[in-house]
Amino acid sequence: MDFRNKFYLLRHGDTDYQGRKKDFIYPANCIDKIPLSEKGVKEVEESAEGIRGVDLIYSSDFLRTRQTALIVKEKIRFDGPIIFDVRLRDLNLGVWHGRRKKEFYNKFPIEKESFFRRPEEGESWNDLEQRIFDFILDVDSEDEGKKILIISHRDPLWLLLGKINNIGKEKMIEIKKDKNKIKTAELIKLN
């Protein structure tokens with residue numbers, strides 16, 4: 001897929017939910033909850049060293065991504081505004097937020113059907129894929145020749161990479177099962 005702009009993707013840094021709370025799904029309404037851990041702050045500072053010449057920064061509005069964006073902004077001396085967009089939010093798991101991951105995966109195993117099945121009050125992977133893809137198409141249509149940094153979460157970035165690279169659902173499942181595929185604070189050049 002050809003874009004008019006250059007895109008870079010950055011996953012937020014480490015939180016307690018990658019460490020001591022790793023068996024739990026993020027709680028509902030966590031816009032202002034779940035800060036970066038000390039490890040996460042350091043990860044983002046290190047990743048920021050690889051970022052140069054950014055024209056625009058877009059970020060999810062969750063606390064962990066806002067903190068990531070602010071650290072990057074300071075480290076690279078970016079003088080523009082950070083644009084927070086709800087379309088960059090993590091997957092909405094509905095009534096499953098705050099519960100154990102094991103319970104969720106017993107009901108919603110990582111398989112092809114998960115692209116189509118929605119948890120109660122939540123969204124499917126296809127819903128999220130469409131949301132993040134619509135976002136990038138909208139952003140790409142607004143400018144040309146810009147270097148754009150997008151700060152989000154693992155699932156939106158995983159699905160965006162799959163859609164852009166035309167990766168089939170079976171291969172996407174394999175990638176999803178590899179928990180280290182998109183590490184915290186990992187910087188990825190999209191195009």
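The values are calculated or read from the model by the stated rules, or taken from the named source; none is laboratory data. None of the values given here were measured: they were computed from a predicted structure. Every residue, glycine as well, gets a Cβ built from its backbone with ideal geometry; the counts of neighbours run over all protein chains shown.
Residue 44 passes every criterion in (1) free of Cβ contacts under 8 Å to residues at least 60 places away in the same chain; (2) outside any loop (DSSP other than H, G, I, E, B) apart from (1).
Annotation: of all residues in region 155-182 being surrounded by 15 or more Cβ atoms within 10 Å (Cβ to Cβ) and among the charged types (D, E, K, R), the one that is nearest to residue 40 (Cα to Cα) is 155. Among the numbered criteria (1) under 25 Å from residue 14 (Cα atoms); (2) touching a residue at least 24 places away in the same chain (Cβ under 8 Å); (3) aliphatic (A, V, I, L, M), which single criterion is violated by residue 175? In the conditions (1) under 25 Å from residue 14 (Cα atoms); (2) touching a residue at least 24 places away in the same chain (Cβ under 8 Å); (3) aliphatic (A, V, I, L, M), residue 175 misses (2) alone. In this structure, residue 39 does satisfy being assigned to a helix (DSSP H, G or I), surrounded by fewer than 17 Cβ atoms within 10 Å (Cβ to Cβ) and basic (Lys, Arg). A single member of 73, 102, 112 is closer than 22 Å to residue 13 by Cα and either at pLDDT below 95 or of a type in the set (Lys, Arg) (or both), and it is 73. Restricting the search to helices (runs of 4 or more DSSP H) fully inside region 98-191 and requiring at least 2 residues that are under 18 Å from residue 64 (Cβ atoms) and touching a strand residue (DSSP E or B) at 6+ places or on another chain (Cβ under 8 Å) gives 154-164. Of all residues in region 55-97, exactly one satisfies the criterion of being part of a loop (DSSP other than H, G, I, E, B), touching a Leu at 6+ places or on another chain (Cβ under 6 Å) and among the polar types (S, T, N, Q), namely 60. Looking only at residues of region 105-117 that are aromatic (Phe, Trp, Tyr) and in contact with a Phe, Trp or Tyr (Cβ under 9 Å, 6 or more places away or on another chain), we find that the one that is surrounded by the fewest Cβ atoms within 10 Å (Cβ to Cβ) is 116.
Comparison of 87, 99 shows that the only residue that is surrounded by 13 or more Cβ atoms within 10 Å (Cβ to Cβ), within 21 Å of residue 137 (Cβ to Cβ) and among the charged types (D, E, K, R) is 87. Among the candidates 57, 31, 71, 51, the residue that is β-branched (Val, Ile, Thr), surrounded by fewer than 20 Cβ atoms within 10 Å (Cβ to Cβ) and over 25 Å from residue 121 (Cα atoms) is uniquely 51. Quick one: is residue 28 in contact with a helix residue (DSSP H, G or I) (Cβ under 6 Å, 6 or more places away or on another chain), over 15 Å from residue 154 (Cα atoms) and not aromatic (Phe, Trp, Tyr)? When the stated conditions are applied, residue 28 does not pass them.
When region 31-61 is filtered for residues that are closer than 25 Å to residue 97 by Cβ and touching a strand residue (DSSP E or B) at 6+ places or on another chain (Cβ under 9 Å), the ones remaining, listed by number, are 44, 58, 59, 60, 61. Any residue that is surrounded by 13 or more Cβ atoms within 10 Å (Cβ to Cβ), under 26 Å from residue 53 (Cβ atoms) and within 20 Å of the chain's Cα centre (by Cα) - is there at least one of those in region 118-132? Yes, that holds for at least one residue. Residues of region 140-154 that are buried (at least 18 other Cβ atoms within 10 Å of the Cβ) and of a type outside the set (Lys, Arg): 140, 148, 149, 150, 151, 152, 153.
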